[in-house]
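Chemist: Can you keep this structure in mind? I'll have questions shortly.
The values are calculated or read from the model by the stated rules, or taken from the named source; none is laboratory data. Note that the coordinates shown come from a computational prediction; the quantities given were computed from them, not determined experimentally. No Cβ is skipped: glycine too gets one built from the backbone with ideal geometry, and neighbour counts run over all protein chains shown.
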Amino acid sequence: MSAPTPLTYKGRPVPYIAAWSAEIVRLPDVLIGPTGIRLEGYPPDLLSGVTWKPNRDARGQGEAKFDVVHVPRQRYAMGSMLCQVCAHPVERNEYGWPWLLEDHRGESGWPQEEVTTHPPVCPKCQPVSALQCRHLRGNVVSVRAGRFVTDGVYGQLFQPGRPARKTVLFAGDARLRWMLGGQAAATLYDVTIVDMTTQAPVPREAVRR
Ligand SMILES: [Zn+2]
């Protein structure tokens, strides 16, 4: 499949996984049952076993919502290793697959086994993504992940008798049936911090901003 046409809104490139206003659906009532949740008016998703937040499919219509993720496109990008910005397949180099992460170098062990809901970003799109994504601005590190497992679901957990809460659950967790999925999540392993421009490894302390 060829990558979809790049779109801009008011002169800014719109990431592939960003939702447009015509795609946003009012969330139906969440019906909480003894065997799981479902959405009023929607059939249960028996295939994935998770109920996902619904979106319409109308990319390019209305206003670009840079801060709202289009759930099916986010899942597709994550599952097919497409750049979340340009939707081209990302390519691995000898250090692994390209990702942009929020900078948590102050935390011990980071970025090994980092769990992220952000699909990969190809090196060509990394500079613009680093500038335009609000959560990354001035706080971003380019990495290569030697291995990854996409088996997480970030969303809202509605367990009977408990207050709803946002969390990440992983494949095999029986509570997934009570999860309203918002984004697929990947766990990254064998992570190497790289220079965003050269994509070559750099010491942890010496990341160019
Ligand atoms: Zn890209």
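Chemist: Please determine, by comparing only the residues of region 84-105 that are more than 14 Å from the ligand (Cβ to nearest atom) and assigned to a loop (DSSP other than H, G, I, E, B), which one is nearest to residue 192 (Cα to Cα). Don't jump to the end; show me each part of the working.
Modeler: Going through region 84-105, the residues more than 14 Å from the ligand (Cβ to nearest atom) turn out to be 92-96, 101-105.
Filter once more, so that each one left must be assigned to a loop (DSSP other than H, G, I, E, B): 92, 94-95, 103-105.
Numbers: 92: 12, 94: 10, 95: 7, 103: 13, 104: 14, 105: 12 Å.
Looking at residues that are more than 14 Å from the ligand (Cβ to nearest atom) and assigned to a loop (DSSP other than H, G, I, E, B), I get 95.
Chemist: Could you figure out which of (1) modelled with pLDDT under 95; (2) closer than 26 Å to residue 53 by Cβ; (3) surrounded by 18 or more Cβ atoms within 10 Å (Cβ to Cβ) isn't true of residue 130?
Modeler: For residue 130, the exception is condition (2).
Chemist: I've got another one for you. Just need a number here: residues in region 106-135 that are assigned to a helix (DSSP H, G or I), near the ligand (Cβ under 9 Å from one of its atoms) and in contact with a Ser or Thr (Cβ under 9 Å, 6 or more places away or on another chain).
Modeler: 1
Chemist: For the list (1) more than 16 Å from the ligand (Cβ to nearest atom); (2) exposed (fewer than 15 other Cβ atoms within 10 Å of the Cβ), I need the number of the one condition that residue 80 fails.
Modeler: It fails just one condition, (1).
Chemist: Next question, about the same structure. Give the residue, chosen from 194, 153, that is under 17 Å from the mean Cα position of the chain (by Cα) and either of a type in the set (Val, Ile, Thr) or at pLDDT below 95 (or both).
Modeler: Among 194, 153, only 153 is under 17 Å from the mean Cα position of the chain (by Cα) and either of a type in the set (Val, Ile, Thr) or at pLDDT below 95 (or both).
Chemist: Condition (residue is surrounded by fewer than 19 Cβ atoms within 10 Å (Cβ to Cβ), of a type in the set (Ser, Thr, Tyr) and within 16 Å of the ligand (Cβ to nearest atom)) applied to region 47-68: is it met by at least one residue?
Modeler: No, region 47-68 has no match at all.
Chemist: Let me ask another. Provide a single number: the residues in region 166-201 that are touching a residue at least 24 places away in the same chain (Cβ under 8 Å) and either on the phi > 0 side of the Ramachandran plot or among the aliphatic types (A, V, I, L, M) (or both).
Modeler: 14
Chemist: Take region 136-149 and flag every residue that is hydrophobic (A, V, I, L, M, F, W, C) and either within 16 Å of the ligand (Cβ to nearest atom) or crowded, with 17+ Cβ neighbours inside 10 Å (or both). Lay out the reasoning, then the answer.
Modeler: Applying the first criterion (hydrophobic (A, V, I, L, M, F, W, C)) to region 136-149 yields 136, 140-141, 143, 145, 148-149.
Passing the criteria: 136, 140, 141, 143, 145, 148.
Chemist: Answer yes or no: is there a residue in region 41-55 that is over 26 Å from residue 187 (Cα atoms) and hydrophobic (A, V, I, L, M, F, W, C).
Modeler: no
Chemist: Go through region 85-127 and give me each residue that's among the hydroxyl-bearing types (Ser, Thr, Tyr) and loosely packed, with under 14 Cβ neighbours inside 10 Å.
Modeler: 108
Chemist: If you scan region 160-182, which residues turn out to be not in a helix (DSSP H, G or I) and not small (Gly, Ala, Ser)?
Modeler: Within region 160-182, 160, 162, 163, 165, 166, 167, 168, 169, 170, 173, 179, 180 qualify.
Chemist: Further, regarding this structure: Please find, among 58, 19, the residue that is in a loop (DSSP other than H, G, I, E, B) and in contact with a helix residue (DSSP H, G or I) (Cβ under 9 Å, 6 or more places away or on another chain). Show your work before the answer.
Modeler: Working: 19 fails: in a loop (DSSP other than H, G, I, E, B).
After ruling out the rest, the residue left standing is 58.
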